[in-house]
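Remarks on the structure that follows.
The values are calculated or read from the model by the stated rules, or taken from the named source; none is laboratory data. Here the structure is a predicted model, which means the values were calculated and not measured. Every residue, glycine as well, gets a Cβ built from its backbone with ideal geometry; the counts of neighbours run over all protein chains shown. In case anyone asks, the SASA skips ligands and DNA or RNA and just uses the protein heavy atoms, side chains included. Shrake-Rupley method; radii C 1.70, N 1.55, O 1.52, S 1.80 Å.
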Amino acid sequence: MNGERGAWAGRLGFILAAAGSAVGLGNLWKFPYLAYKAGGEAEWHGAGAFVFVYLLAVALVCIPVMIAEIMIGRRGRRNPVGAFRVLRPGSKWPLVGYLGVLTGSLILAYYSVVAGWTVEYIYKAAIAEFSRYEVEVTDEEVRRRVCEEAKVKPETKDCDRKYEEFLSSHKDPEDLARALKEKRLEIYPDRLFHAFLASPVKQVGFLFVFMAITAAIVLGGVSSGIERWSRILMPLLYVMLLGLVVRVATLPGGLKALDSLFVPDFSRLDLDLLLLALGQAFFSLSLGMGAMLTYGSYLSPKERISSSAFAIAGLDTLVALMAAFVIFGAISSYGLSIRGAGIGNLFTAVPVIFLHMPGGTFLTIVFYVLAAFAALTSTVSLLEVASAYLIDEHRISRPRAVILAASVIFALGVPCALSFNLLSDFKVLGLTCFDIFDYTTSNLALPAGGILISLFAGWMLRREEQIEELFEVPGWAVSLWRFSVRFVAPLAIFAVLVGLLLGRVVG
Ligand code: TRP
């Protein structure tokens, strides 16, 4: 065996590192956002159906697939390419590994751009930039906004009239002040975000910073780099999130969020919702490209895969639910709405939500530090896949492998970072580089990889091999898992793949 290969110092370290991979921007931003949309925006209870299906998807499809990934990694004791090669020499299966390494690199390239934004936003929060909306937004901008919403051109007399109507519709001066504040709050974070996106230097700079921090951790190796940092960052993340949960739970009306998240209204259930929830669960648990496989390859044969997978999925789901509670609670307490779509929500809607609360500036700092930590443990796992591939398959030392992988991926990230400014007009099929990386990985490569990984573990590994890896569970449970990875998971993921391709499932 290759002497360069590391190993986890302990099972808890493995669980925290894998949970760190899973817990990311997907949990803090995408899960609350999708639940909110699935709930029909302001309507309560709709989100409950999404959450319910999500939990089922995690239990019935994702946990079996995660067990499959970790199992393949631990049996192969290598990166995704090497693991398939060692387990089925001479077959085409290593192609699944190559697909994984490529997919991971593409995800890392665009994901790091967004991760970089969290760093800038920690700074913005720390200098209380968001709270400057009162002085920064002019009355003229408020007027324009009011007219835009009423779909009247700003230069016209009609607009003047609309604005007058708006002002006079709030008789009470306090009421008017609140309405004006709302408008300023809608305008300002949006403006800050777009100004930030428009700067090529900042976009590439923060990408570089985030990539460099990621590389520094991965350079440290498996136990003294990834594991050590996960042991520090993950508990901190939980403490901060718990703090936010307590804060929101004590807001008047904050607990109403529990109703909307946990009381399902099954009339909202349809095929789109099913596919959306499954696709999100899959992405959130970092499945389908060999990240869990690679982390599994450093796991001792003595440790239990099954309970580890449950713990990882449980920690990830808990973060998603807590984040949704924080966002929903603040929204319901203050009667807000999250407008607009896309990743930008994390950077435009979140400051608005927190600015409504006493101590909002501090809470915003906490939130972005949280987001940066969550993103960092995910980028680390992605860089580790490409690095492990170079270390195992090309016999390169860890430092060289990490620097090489990080440099190539940084280069891939540059066009993604420029997608919002210099290259914003450079589009293929209407998609910028950033969109293409996101679309092809999330919608095509991850589901395809997930199907192949399940099929490999279910059909290619012999029953004795499966039982040896799952030594801790009774025979009926092995059979249940086997049934899931042979039939249930591949079919369910196939449905998501088709749904995504037909454009039905829109994130
Ligand atoms: N799970 C991460 C999140 O929720 C992102 C992610 C998706 C990922 N696929 C991955 C991370 C594969 C590592 C490996 O944000």
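Any residue that is over 20 Å from G40 (Cα atoms) and open to solvent by 10 Å² or more (accessible area, probe 1.4 Å) - is there at least one of those in segment 252-260? So far as segment 252-260 goes, yes, one or more of its residues are over 20 Å from G40 (Cα atoms) and open to solvent by 10 Å² or more (accessible area, probe 1.4 Å).
Taking the conditions (1) under 24 Å from F471 (Cβ atoms); (2) surrounded by fewer than 23 Cβ atoms within 10 Å (Cβ to Cβ); (3) within 16 Å of the ligand (Cβ to nearest atom) in turn, V86 satisfies each one other than (3).
Looking at segment 461-481, which of its residues are part of a helix (DSSP H, G or I) and open to solvent by 40 Å² or more (accessible area, probe 1.4 Å)?
Answer for segment 461-481, where residues must be part of a helix (DSSP H, G or I) and open to solvent by 40 Å² or more (accessible area, probe 1.4 Å): R463, E464, I467, E468, G475, W476, S479, L480.
Any residue that is of a type in the set (V, I, T), closer than 30 Å to F208 by Cα and part of a loop (DSSP other than H, G, I, E, B) - is there at least one of those in segment 123-130? Yes, segment 123-130 has at least one match.
Only one of these is in a helix (DSSP H, G or I), open to solvent by 60 Å² or more (accessible area, probe 1.4 Å) and touching a residue at least 40 places away in the same chain (Cβ under 8 Å): I213, I232, I226, I217. Name it.
Checking each option against the conditions leaves just I213.
Screening the candidates V96, V81 for the property of being of a type in the set (A, V, I, L, M, F, W, C), within 24 Å of the chain's Cα centre (by Cα) and either farther than 26 Å from R304 by Cβ or modelled with pLDDT of 95 or more (or both) yields one hit, V96. Looking only at segment 145-161, count how many residues are open to solvent by 40 Å² or more (accessible area, probe 1.4 Å), assigned to a helix (DSSP H, G or I) and either closer than 26 Å to A349 by Cα or among the hydroxyl-bearing types (S, T, Y) (or both). Matching residues across segment 145-161 total 3.
Residue count for segment 251-299 satisfying the condition of being in contact with a Pro (Cβ under 8 Å, 6 or more places away or on another chain) and in a loop (DSSP other than H, G, I, E, B): 3. The set of residues in segment 293-317 being hydrophobic (A, V, I, L, M, F, W, C), within 26 Å of V218 (Cβ to Cβ) and either open to solvent by 10 Å² or more (accessible area, probe 1.4 Å) or without any contact (Cβ under 8 Å) to a residue 60 or more places away in the chain (or both) consists of A311, L315.
Take the residues in segment 425-456 that are assigned to a helix (DSSP H, G or I) and of a type in the set (F, W, Y), then tell me which one is farthest from the ligand (Cβ to nearest atom). In this case the residue turns out to be F456.
Of all the residues in segment 97-110, those that are surrounded by 24 or more Cβ atoms within 10 Å (Cβ to Cβ) and either of a type in the set (S, T, Y) or not in a helix (DSSP H, G or I) (or both) number 2. Applying the set (1) over 16 Å from I305 (Cα atoms); (2) at pLDDT 95 or above to E472 leaves exactly one unmet item: (1).
Applying a threshold of 7 Å to beta carbon distances and a minimum spacing of six or more residues, or different chains, the list of pairs starting in segment 494-507 at a residue that is modelled with pLDDT of 90 or more and ending at one that is assigned to a helix (DSSP H, G or I) and of a type in the set (V, I, T) reads F494/I451. Of the residues making up segment 101-111, not a single one is more than 16 Å from the ligand (Cβ to nearest atom) and either over 26 Å from V319 (Cβ atoms) or in contact (Cβ under 8 Å) with a residue 24 or more places away in the chain (or both). You will find that of V142, V135, the residue that is open to solvent by less than 10 Å² (accessible area, probe 1.4 Å), at pLDDT below 95 and either in contact with a Ser or Thr (Cβ under 9 Å, 6 or more places away or on another chain) or more than 16 Å from the ligand (Cβ to nearest atom) (or both) is V142 and no other.
Only one residue in A68, A18 is within 14 Å of the ligand (Cβ to nearest atom), among the small types (G, A, S) and either in a helix (DSSP H, G or I) or modelled with pLDDT under 85 (or both). Which one?
Answer to the check: A18.
Rundown of residues vs (1) within 30 Å of L276 (Cα to Cα); (2) at pLDDT 95 or above, yes/no style:
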site	(1), (2)
S387	no, yes
E393	no, yes
S407	no, yes
V414	yes, yes
L418	yes, yes
S424	yes, no
K427	yes, no
I436	yes, no
N443	yes, no
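If you go through segment 400-458 and keep only what is under 18 Å from the mean Cα position of the chain (by Cα), farther than 30 Å from L60 by Cβ and open to solvent by 10 Å² or more (accessible area, probe 1.4 Å), you end up with F434, D435, I436. Residue count for segment 360-372 satisfying the condition of being touching a residue at least 40 places away in the same chain (Cβ under 8 Å) and either over 15 Å from L236 (Cβ atoms) or surrounded by fewer than 24 Cβ atoms within 10 Å (Cβ to Cβ) (or both): 8.
Quick check on my filter: what residues within segment 162-210 are open to solvent by less than 60 Å² (accessible area, probe 1.4 Å), part of a helix (DSSP H, G or I) and among the hydroxyl-bearing types (S, T, Y)? Of everything in segment 162-210, those that are open to solvent by less than 60 Å² (accessible area, probe 1.4 Å), part of a helix (DSSP H, G or I) and among the hydroxyl-bearing types (S, T, Y) turn out to be Y163, Y188.
Do we find a residue being within 12 Å of the ligand (Cβ to nearest atom), buried (at least 22 other Cβ atoms within 10 Å of the Cβ), of a type outside the set (S, T, N, Q) and under 23 Å from the mean Cα position of the chain (by Cα) anywhere in segment 35-58? Looking through segment 35-58, none of the residues is within 12 Å of the ligand (Cβ to nearest atom), buried (at least 22 other Cβ atoms within 10 Å of the Cβ), of a type outside the set (S, T, N, Q) and under 23 Å from the mean Cα position of the chain (by Cα). In this structure, does S300 turn out to be farther than 25 Å from V101 by Cβ, over 19 Å from the mean Cα position of the chain (by Cα) and among the polar types (S, T, N, Q)? In short, no.
Within segment 283-292, not a single residue is away from the ligand (no atom under 16 Å from the Cβ) and either open to solvent by 10 Å² or more (accessible area, probe 1.4 Å) or closer than 30 Å to S105 by Cβ (or both).
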